[in-house]
Every structure is written in C-alpha cells, then in structure tokens.
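Below is one structure, written out as structure tokens, with a few remarks after it.
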Amino acid sequence: MNFQELLNKAKKLQTNAYVPYSNFRVAAIVILKDKKEVTGVNVENASFPATICAERTALTQVITLGYQKDDIEALFLITDSNSLGSPCGICRQFMAEVMPMTAKVYISNINSKDEKDIKIVKVQDLLPFAFISESLKGNNK
Ligand code: THU
C-alpha cells in the first residue's frame, strides 16, 4: 500500500466534498484487489438526514460498477479533523454488508503525513457482533 500516494489523492479528493452545512470534508478511496480505486466524498443536503457519507458514496459506486464484496481489499478514509476520525455507525453497518469483515480500513486526517499517522482497523473491529444477512435467517418465514 503506497500510503503517501493515497494520502495525496485523498487530500485532493476532499476538496470535492459538498459540505455547505458542516464544512467537514471527508473522502474515501476503496482499493480493489484488481488495484483499481473507487472514490467518494460526503454529499450533504438541506434536509440533513439525506446527507451521505464519503464511505457510502464510494461503496455504492463499487457495487454500481459490478464489483462484489470479495473484490474489495481496503478502504482508505480521510476526515477533516485534527483528532483521529472514525466512521459513523451507519457506515460501519454498510461496510459490514458490502466489505469482507477482514478488509482493512485505513483512517487518516488532515494532519497525517505518512504511514505512522494512519490508524489501521478491520471492518470486524469497527462493528463487532454485527447484524448481517445471516442474522435474518431462521425466523421460519
Ligand atoms: N461524515 C462522513 O462522510 N464520514 C464519516 O466517517 C463521518 C461523517 C460526514 C457526514 C457529514 O457530511 C459530515 O461528515 C459531518 O458529520
């Protein structure tokens, strides 16, 4: 993983975030096993709950392009924070659906200069004991 290159791309991508309400710019880059990268930014809405986070923007595009869960290697995230960012609960649930539980999430922020400033977690660490498709099975309907 070339973190320097990812950081540079993510910082540039952040400028595309549509954030008239929070001014909090987030960008996500999904890294696929075929080495392609699929990007997303947060897109806000005057009806606040209609806002979509950068992670979900990128992951919905991955699915739209015809990729599947096992095609995903990792997700690189950059937030506009001074402290370490962290994906919201809805994005964690979304990741648990469309990413392998063992896929890595790289979390950086505006102060990240290189690999040592990036936190690495797995999807399963972000959402332990997740409610997933198997959880729906066995209700006899
Ligand atoms: N946001 C993301 O895009 N991803 C995160 O992981 C955290 C929050 C966005 C949603 C909203 O546009 C802004 O950040 C403030 O919550």
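Quick notes on this one:
- Any chance Asn82 is over 19 Å from Leu6 (Cα atoms), more than 13 Å from the chain's Cα centre (by Cα) and either modelled with pLDDT of 95 or more or in a loop (DSSP other than H, G, I, E, B) (or both): no
- Condition check for Ser135: over 13 Å from Glu55 (Cα atoms), of a type in the set (Gly, Ala, Ser), in a helix (DSSP H, G or I) and open to solvent by less than 80 Å² (accessible area, probe 1.4 Å): yes
- Across the stretch 1-15, the number of residues qualifying as polar (S, T, N, Q), open to solvent by 70 Å² or more (accessible area, probe 1.4 Å) and in contact with a strand residue (DSSP E or B) (Cβ under 9 Å, 6 or more places away or on another chain) comes to 1.
- Any chance Phe76 is of a type in the set (Phe, Trp, Tyr), touching a helix residue (DSSP H, G or I) at 6+ places or on another chain (Cβ under 7 Å) and open to solvent by less than 40 Å² (accessible area, probe 1.4 Å): yes
- Residues in the stretch 2-15 that are closer than 17 Å to Leu75 by Cβ and within 16 Å of the ligand (Cβ to nearest atom): Ala10, Lys11, Leu13, Gln14.
- The residue that is nearest to the ligand (Cβ to nearest atom), counting only those in the stretch 100-129 that are farther than 23 Å from Ala17 by Cα and open to solvent by less than 10 Å² (accessible area, probe 1.4 Å), is Val123.
- Scanning the stretch 16-42 for residues that are buried (at least 17 other Cβ atoms within 10 Å of the Cβ), outside any loop (DSSP other than H, G, I, E, B) and near the ligand (Cβ under 9 Å from one of its atoms) gives Ala27, Ala28, Gly40, Val41.
- All positions within the stretch 44-63 that are within 10 Å of the ligand (Cβ to nearest atom) and more than 11 Å from the chain's Cα centre (by Cα): Glu44, Asn45, Phe48, Thr51, Ile52
- Any hit, the stretch 43-58, residues being over 30 Å from Ile132 (Cβ atoms) and of a type outside the set (S, T, N, Q): yes
The values are calculated or read from the model by the stated rules, or taken from the named source; none is laboratory data. Remember, it's a predicted structure, so these values are computed and weren't measured experimentally. Because the Cβ atoms are built from the backbone with ideal geometry, glycine has one as well, and the counts that use them run over all protein chains shown. Ligands, DNA and RNA are stripped out before the accessible areas are found, and what is left, the full protein with its side chains, is counted by its heavy atoms. Shrake-Rupley method; radii C 1.70, N 1.55, O 1.52, S 1.80 Å.
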